[in-house]
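Enquirer: Quick one: the structure is below, questions incoming.
The values are calculated or read from the model by the stated rules, or taken from the named source; none is laboratory data. If you're wondering where the values come from, they're calculated on a predicted model, not measured in any experiment. Note: ideal-geometry Cβ built from the backbone for every residue, glycine included; neighbour counts use all protein chains shown. Areas reflect the complete protein model, heavy atoms only, side chains present, ligands, DNA and RNA absent. Shrake-Rupley method; radii C 1.70, N 1.55, O 1.52, S 1.80 Å.
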Amino acid sequence: MMENLKTVHYNNSIVSGKIEVPGDKSISHRAIMLGSIAKGKTIISGFLNGEDCLRTIDIFRLLGVSIDRQGTDVTIDSPGINNWKTPTEELYAGNSGTTARLMLGILAGANISSAVLTGDESLSVRPMNRVTKPLHAMGASITSEIDNDLLPLKIEASSLAAIDYTNPVASAQVKSAILFAGLHAKGTTIVREDTLSRDHTEQMLSHFGADVRSNNGEISITGGGSLNGTTVHVPGDISSAAFFMVAAAMVKDSSLTFTNLGLNPTRSGILDVLGNMGAEINVMDESAENGERTGNVTIAYNKVLPTEISGSLIPRLIDELPIIALLATQAEGTTIIKDASELRVKETDRIAAVTNELTKLGANIEATDDGMIIQGPTVLAGGTMDSYGDHRLGMMAAIASLITTDPITIKDSACIDISYPTFFEDLEKVVGK
Ligand code: S3P
């Protein structure tokens, strides 16, 4: 990764006004994927132009799908999954776990002779066997030259049969890969999950006309049908908004309103936690489009309280835990985060990274096997913070500079483009610069 450094310091600024954050990353990926699987035209508005989602577009272009992107509007014209072409180049997923894992499920049932899926340094050490194991059970031909099914992986054509699978990790990526494979398998595939993970795949499969059903952690899909193109609106990403929500909840006298924000209940755990941590929250104008709830939300500062985050709440805010840890350093008392060992296999080991970087600033934070224990409040100093090439660590560092006594220098801040290319512009806007 490049050693690009960025120094920021936004202390003494209140956070206020209105903001519409860019489109949801998870929904943007799925809109491209289903628009490419379906035959005909799909029109997407509000697409996230983050690096991860651009990798998904690149891959489908190599499979022979025509994708035209004008700002946040995307038009897909696809011959349908049965008429894709065998790619002549490797399919590069970059840093994107969602691209890699969901593509494995899609490619397993695609009508192409073979494809090779690769990723960057971080993705190449992230576990793929959580996906290849159930896909192998369906009859998929996926092989790696490295132990444990790490990338690169070669996918060859094979016919798939339905399975009934209990997902041992609360992972939407695993669930989605199996459902995508199930779309082209013989019979009805069932995925069972004890703890509900984000359900964007189920919502969008249904929107595109697939025979998918979901009932209390049991999701089934019957293979064989074909999907037709449609229109998709992508709402703002609550995981991106979370950085500014925490900013508003952390800086005295702040109040910030988010418009067109995704409020899917499987993603909105951050609102529960901010409420428990004392912030004032007002949710307004709720509506739904293509199965996704949206609305406007105002977050205002109040005295920050400690909290405990565990169990079924974890998958509803898994990507928000780094920025929640920062807020917890300002709470009077002990915040406990547990049942979150998944953080260890994200873009970087987020338990180790968050603990290291906040400790550098003077926070009282301890890493546990499956979470963190944070004792507040502490005054945070400035200094250099490493993003570890992880977009969410980079954004946490920038938000920390709202309360640090000295500037923060972020190592490799460019990685923020992965999910939020306009992050610094939006940050300057909400702090009135
Ligand atoms: C995602 C699911 C989550 C999340 C990731 C996006 C998705 O990962 O951390 O940023 O779009 O399905 P897991 O499903 O592995 O928990």
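Enquirer: From the square roots a ≥ b ≥ c of the eigenvalues of the alpha-carbon gyration tensor of the stretch 16-138, which class results: rounded (a/c under 1.5), prolate (a/b over b/c), or oblate? The partial results should precede the final answer.
Expert: Details: a/c = 1.98, a/b = 1.26, b/c = 1.58.
Verdict is oblate for the stretch 16-138.
Enquirer: Can you pull the semi-axes for the stretch 106-185, root of five times each eigenvalue of the Cα gyration tensor, sorted largest first, whole Å? Each step should come with its number before you reach the end.
Expert: Numbers: eigenvalues 71, 53, 20 Å².
Over the Cα atoms of the stretch 106-185, the semi-axes work out to 19, 16, 10 Å.
Enquirer: How much FRET efficiency would the formula 1/(1 + (r/R0)^6) give for Thr266 and Ser124, where r is the Cβ-Cβ distance and R0 is 30 Å, rounded to 0.05?
Expert: On the way: r = 29 Å, r/R0 = 0.95.
Efficiency, rounded to the nearest 0.05: 0.55.
Enquirer: Okay, next question. Heavy-atom accessible area per residue, the stretch 25-233, 1.4 Å probe: how many Å²? Please list the in-between numbers first.
Expert: Working: 7820 Å² over 209 residues.
For the stretch 25-233, the per-residue accessible area is 37 Å².
Enquirer: Please compute the length gained on full extension between Thr422 and Ala137, using 0.36 nm multiplied by the number of residues separating them and subtracting their Cα-Cα distance. Don't skip to the end; give the middle numbers.
Expert: Numbers: separation 285, 0.36 × 285 = 102.60 nm, distance 4.18 nm.
In short, 98.4 nm is gained.
Enquirer: Of all accessible surface on the stretch 82-122 at a 1.4 Å probe, what whole percent is carbon and sulfur? Don't skip to the end; give the middle numbers.
Expert: Details: 570 of 1430 Å².
It is 40 percent, rounded to a whole number.
Enquirer: Evaluated at 25 °C with a viscosity of 0.890 mPa s, what Stokes-Einstein diffusion coefficient in µm²/s does the stretch 298-433 have when Rh comes from the Kirkwood expression over alpha-carbon pairs?
Expert: Working: Rh = 15.1 Å.
Translational diffusion coefficient: 163 µm²/s.
Enquirer: To the nearest 20 debye, what charge dipole does the chain have about its Cα centre, counting +1 at the Cβ of each Lys and Arg and -1 at the Cβ of each Asp and Glu? Can you show the working numbers first?
Expert: On the way: 34 positive and 52 negative charges, 125 e Å.
Rounded to the nearest 20 debye, it is 600 debye.
Enquirer: Continuing with the same structure: Tell me, what % of the accessible area of the stretch 186-318 is carbon and sulfur with a 1.4 angstrom probe? Numbers along the way, then the final one.
Expert: Working: 2060 of 5000 Å².
Carbon and sulfur atoms account for 41 percent of the accessible area of the stretch 186-318.
Enquirer: So how do 12-18, 166-172 stack up, highest first, on mean other-Cβ count within 10 Å? The partial results should precede the final answer.
Expert: Values: 12-18: 16.6, 166-172: 18.6.
Most protected by this proxy first, the peptides run 166-172, 12-18.
Enquirer: Among residues other than Ser255 whose Cβ falls under 12 Å from its Cβ, what is the net charge (Lys/Arg +1, Asp/Glu -1)? Before the final figure, lay out each step's value.
Expert: Numbers: positive: Lys18, Lys252; negative: Asp253, Glu280.
Surrounding charge for Ser255 is 0.
Enquirer: If you don't mind, there's one more thing I want to ask. Taking 0.36 nm per residue of separation and subtracting the Cα-Cα distance, what length does fully extending Thr72 through Thr195 add?
Expert: On the way: separation 123, 0.36 × 123 = 44.28 nm, distance 3.29 nm.
So the chain would gain 41.0 nm between Thr72 and Thr195.
Enquirer: Okay, next question. Past 25 Å, Cα to Cα, is the threshold; run Lys18/Lys433; Lys133/Lys186; Lys133/Lys154; Lys39/Lys186; Lys6/Lys429; Lys252/Lys346 against it and keep the listed order.
Expert: Lys252/Lys346
Enquirer: With N set to the residue count of the stretch 25-233, report its C-alpha Rg divided by 2.2 N^0.38 Å to two decimal places.
Expert: Details: Rg = 15.3 Å, N = 209, 2.2 N^0.38 = 16.8 Å.
Here the answer is 0.92, to two decimals.
Enquirer: Moving to a separate point now. Of the beta bridges DSSP finds with both residues in the chain, what % are antiparallel, to the nearest 5?
Expert: On the way: 57 of 80 bridges.
Expressed as a percentage, antiparallel bridges in the chain total about 70.
Enquirer: Give the Debye-formula value of log10 I(q)/I(0) at each listed q (0.11, 0.21, 0.23 Å⁻¹), with one equal scatterer per alpha carbon of the stretch 230-304, two decimals each.
Expert: -0.26, -0.84, -0.99
Enquirer: Can you pull the one-decimal nm distance between simple spin-label points at Asp349 and Asn282, each 7 Å off the Cα toward Cβ?
Expert: It works out to 4.5 nm between the two label points.
Enquirer: Right, something else. Using the alpha carbons of the stretch 303-373, what is the convex hull volume per residue in cubic angstrom, as a whole number? Let's see the in-between values first.
Expert: Working: hull volume 5.5 nm³, N = 71.
That works out to 78 Å³ per residue.
Enquirer: Oh, and also: Could you work out the equivalent-ellipsoid semi-axes for the stretch 216-260, taking the square root of 5 times each eigenvalue of the Cα gyration tensor, largest first, in whole Å? Please report the intermediate quantities before stating the final value.
Expert: On the way: eigenvalues 299, 48, 9 Å².
They are 39, 16, 7 Å, listed largest first.
Enquirer: I need the peptides 383-392, 102-111 ranked by packing, meaning the mean over residues of other C-beta atoms within 10 angstrom, with the highest value on top. Could the numbers behind the result be given before it?
Expert: Details: 383-392: 22.1, 102-111: 25.0.
Packing order, densest peptide first, comes out as 102-111, 383-392.
Enquirer: Treat the chain as a sphere of radius equal to its Kirkwood radius over Cα pairs and apply Stokes-Einstein at 10 °C in a medium of 1.306 mPa s; give the translational diffusion coefficient in µm²/s, rounded to a whole number. Write down the numbers at each step before the final one.
Expert: On the way: Rh = 21.8 Å.
In µm²/s, the coefficient rounds to 73.
Enquirer: Which percentage, to the nearest 5, of the DSSP beta bridges contained in the stretch 25-233 is antiparallel? Write down the numbers at each step before the final one.
Expert: Details: 28 of 39 bridges.
So the antiparallel bridges in the stretch 25-233 amount to around 70 percent.
Enquirer: If the elastic network links every pair of Cα atoms under 10 Å, which of Val354, Val379, Val116 fluctuates the most in the Gaussian network model of the chain?
Expert: The residue with the greatest mean-square fluctuation here is Val379.
Enquirer: Here's another thing I want to ask about it. Roughly how many debye, to the nearest 20, is the charge dipole of the stretch 25-233 about its Cα centre, given +1 on each Lys and Arg Cβ, -1 on each Asp and Glu Cβ, and no other charges? The partial results should precede the final answer.
Expert: Numbers: 18 positive and 21 negative charges, 80 e Å.
Taking the Cα centre of the stretch 25-233 as origin, the dipole is about 380 debye.
Enquirer: Same structure, new question: Take Ile336, project a point 7 Å from its Cα along the Cβ direction, then tell me which residues of the stretch 359-385 have their backbone nitrogen under 17 Å from it.
Expert: 365-376
Enquirer: What is the calculated FRET efficiency for Lys429 to Asn111, with r their C-beta to C-beta distance and R₀ = 51 Å, to the nearest 0.05?
Expert: 0.65
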